[in-house]
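Participant: Before I ask anything, let me first share the structure, which is written out below as structure tokens.
Rule-based calculations on the coordinates, nothing more; no lab input. Computed from a predicted structure; not experimentally measured. Neighbour counts run over all protein chains shown; Cβ positions are idealised from the backbone, glycine included.
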């Protein structure tokens, strides 16, 4: 039961303005410190504290100095550890419920600024046109340089209906611009589905929340009924999915894997940071009831393609890696974000808590994704023209390895495997670059989706040849 409780206490996403973080209020046992206190360093800290109190140009409250010191201690470790004051701690808890007030973006930090990792679909930030890789230079009139992600979340959250002005630097377009966004109650929808054409279904997981596994089952039941007969192939779209609940990622993987198959394992210094999570109901359902019992029978062995891109991070990388390692799906797209660390929410006795990186996670075959990501089986770029695919002006995609203080990859001793991009579906030079619309997926305008559908059809043809009786 200890491992199960800790499963729900793990964070697999970055700092967010959305329901993309794992959260738990489970108490973590206090551990005795075995090393002596660093007295010389503590004397230096006390001296700096005293100098600020005595000589700084303005009076500073003790509480502010201590909080900032704690903040710096955590943010200096890696991009995902952070101090959570009581207000931020409460907001983090609300963020996993799928409903909250704010803008709807997942954020990280880069070059001292706040970086957009991914906007959440159907939110004010998404509709305002914010993109993965954008840097937030100013929040209203406050410079974002040097702000912690926790402080940035505080400033961007607010009463629904109020407006906020963000100054954005977009490296891919070499420009800076402002955008005004109206805050709203964000009700996120984590799973969408569509029948792309007869016999071929599409399911998009936008983020991993408390009810994602149940929503996935509903989507698969619906797309199967809409087809009126068993599907011949299914595309799972994890592009720009910034992550979320670890147990939800295990459940989504379990929908397509054999019972008790290894999905992910974690390694850390503390005993309770070492886990092996399998496709077992106790690892993805708190209620004990298995939502996967309602799955259409063909889902267990249906041909699968998983779509990924540089915005595919954390929990979504767990799913892609598990299905790839078990040879259950063909992974299509471009290299993923590369967040292979796990954060635990540790409550503090004085209220609030800390979000602390406590483990790295590994795919079933022992691959660490940290600062590397998932390499797709078939590389397909987003552009719809050869000209766009070769252009140096394609959107800049930032990954975990680009973040300051990122953890190293303990098992990355070899160069990435060589893969050859597929030729885009459309060849006409005058056709404009596609705009991926996750709310209305279209294989004709979405190059990656079009190629994924082609791959499914080829799989079906090969499967038919292998199972057909030999000619006499």
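Participant: Sort 293-299, 49-55 for me by packing, meaning the mean count of neighbouring Cβ atoms within 10 Å per residue, highest on top.
Facilitator: The densest-packed peptide leads the list: 293-299, 49-55.
Participant: Another question, then. Quick one: compute a quarter of the convex hull surface over the Cα atoms of the range 51-161 and quote it in nm².
Facilitator: Computed as one quarter of the Cα hull surface, the answer is 8.3 nm².
Participant: Using mean Cβ contacts within 10 Å as the protection proxy, how do 368-374, 62-68, 187-193, 133-139 order, highest first?
Facilitator: 368-374, 133-139, 187-193, 62-68
Participant: Between residue 87 and residue 327, what's the calculated FRET efficiency when r is the beta-carbon distance and R0 is 60 Å? Round to 0.05.
Facilitator: It comes to 0.85.
Participant: If you don't mind, there's one more thing I want to ask. Report the extension gain between residue 276 and residue 111 in nm, rounded to one decimal, defined as 0.36 nm multiplied by the number of residues separating them, less their alpha carbon distance.
Facilitator: Gain on extension, residue 276 to residue 111, equals 55.9 nm.
Participant: Want the number for residue 55 to residue 211: 0.36 nm per residue separation, take away the alpha-carbon distance, what's left?
Facilitator: Separation in residues times 0.36 nm, less the Cα-Cα distance, equals 50.8 nm.
Participant: If you look at just the Cα atoms of the range 277-382, how large are its Rg and its Dmax in Å?
Facilitator: Answer for the range 277-382, Rg first and Dmax second: 16.4, 52 Å.
Participant: Take the Cα radius of gyration of the range 135-270 and divide it by 2.2 N^0.38 Å, with N its residue count; two decimals is plenty.
Facilitator: Ratio of Cα Rg to 2.2 N^0.38 Å: 1.41.
Participant: Using a simple spin-label model with points 7 Å from Cα along the Cα→Cβ vector, what separation in nm is obtained for residue 45 and residue 267?
Facilitator: Using points 7 Å along Cα→Cβ, the separation is 3.1 nm.
Participant: Rank by packing, highest mean first: peptides 242-254, 159-171, 72-84, 334-346, with packing defined as the count of other Cβ atoms within 10 Å averaged across residues.
Facilitator: The most tightly packed comes first, giving 242-254, 334-346, 72-84, 159-171.
Participant: Something else about it: Given a Förster distance of 56 angstrom, what is the FRET efficiency for residue 459 paired with residue 70, based on the Cβ-Cβ distance and rounded to 0.05?
Facilitator: Computed FRET efficiency for residue 459 and residue 70 comes out at 0.60.
Participant: Still on this model: Please give the contour-minus-distance gain from residue 351 to residue 179: 0.36 nm per residue of separation, less the Cα-Cα distance, rounded to one decimal in nm.
Facilitator: 58.4 nm
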